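The values are calculated or read from the model by the stated rules, or taken from the named source; none is laboratory data. Source: prediction; values computed, not measured. Backbone-built Cβ (ideal geometry, glycine too); neighbour counts: all protein chains shown.
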Amino acid sequence: MNKKGFTYIDTVISLCVAAIIISMFILAYRQFTNYSDRAEAKRVVQIIKKARLSAIMQMIDVEVVLDGDEIVVSNINEMKKVYKLEHLKFESGEIFQFTSEGGTKSFMGAYNIILVSNKSKKKYNVIVAAVGGQVRYEEV
């Protein structure tokens, strides 16, 4: 038999293998974007915790402004640090003040902040405890 090309079976098998590989890449990409969102939500929690610890250790009040895609941490000595978010943004603005005794004041009256993913629109709820100033996040 003279064979000069692919048979129908060869073509179908090749297309099936290609489809499986492409679907694996798509699933891996979705997991990667979810991972980057979760990592940035953890980063937001760490920044807020660091501001609280800074207030306690330096015995000064520290203000944290959460607005849009940035976090601004400032204290009485007018030291200001700005953190930009890449994958998430805040649904609404919020201002917290951490006292030297470890307490927390919210100027907007809410102790939870909603973060929204830029790509997948997935939401994360960052919760700041009013009394102890503890911070955590959960996926909504």
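Filter region 91-101 down to residues that are under 19 Å from residue 72 (Cα atoms) and touching a helix residue (DSSP H, G or I) at 6+ places or on another chain (Cβ under 9 Å) and give me whichever is surrounded by the fewest Cβ atoms within 10 Å (Cβ to Cβ).
Filtering first and then ranking leaves 100.
Only residues that are closer than 12 Å to residue 125 by Cβ and among the charged types (D, E, K, R): list them for region 87-105, please.
Residue satisfying the conditions is 91 alone.
With the condition kept exactly as written, say whether any residue in region 50-63 is at positive phi and exposed (fewer than 11 other Cβ atoms within 10 Å of the Cβ).
Checked region 50-63: at least one residue is at positive phi and exposed (fewer than 11 other Cβ atoms within 10 Å of the Cβ).
Please count how many residues of region 115-135 are farther than 20 Å from residue 35 by Cβ, out of contact with any helix residue (DSSP H, G or I) (no Cβ under 8 Å at 6 or more places or on another chain) and aliphatic (A, V, I, L, M).
Residues in region 115-135 being farther than 20 Å from residue 35 by Cβ, out of contact with any helix residue (DSSP H, G or I) (no Cβ under 8 Å at 6 or more places or on another chain) and aliphatic (A, V, I, L, M): 4 in total.
Take the residues in region 105-124 that are at pLDDT below 85 and in a strand (DSSP E or B); name whichever of them is surrounded by the most Cβ atoms within 10 Å (Cβ to Cβ).
106
When you check residue 76 against the structure, is it among the hydrophobic types (A, V, I, L, M, F, W, C) and touching a Lys or Arg at 6+ places or on another chain (Cβ under 8 Å), yes or no?
no
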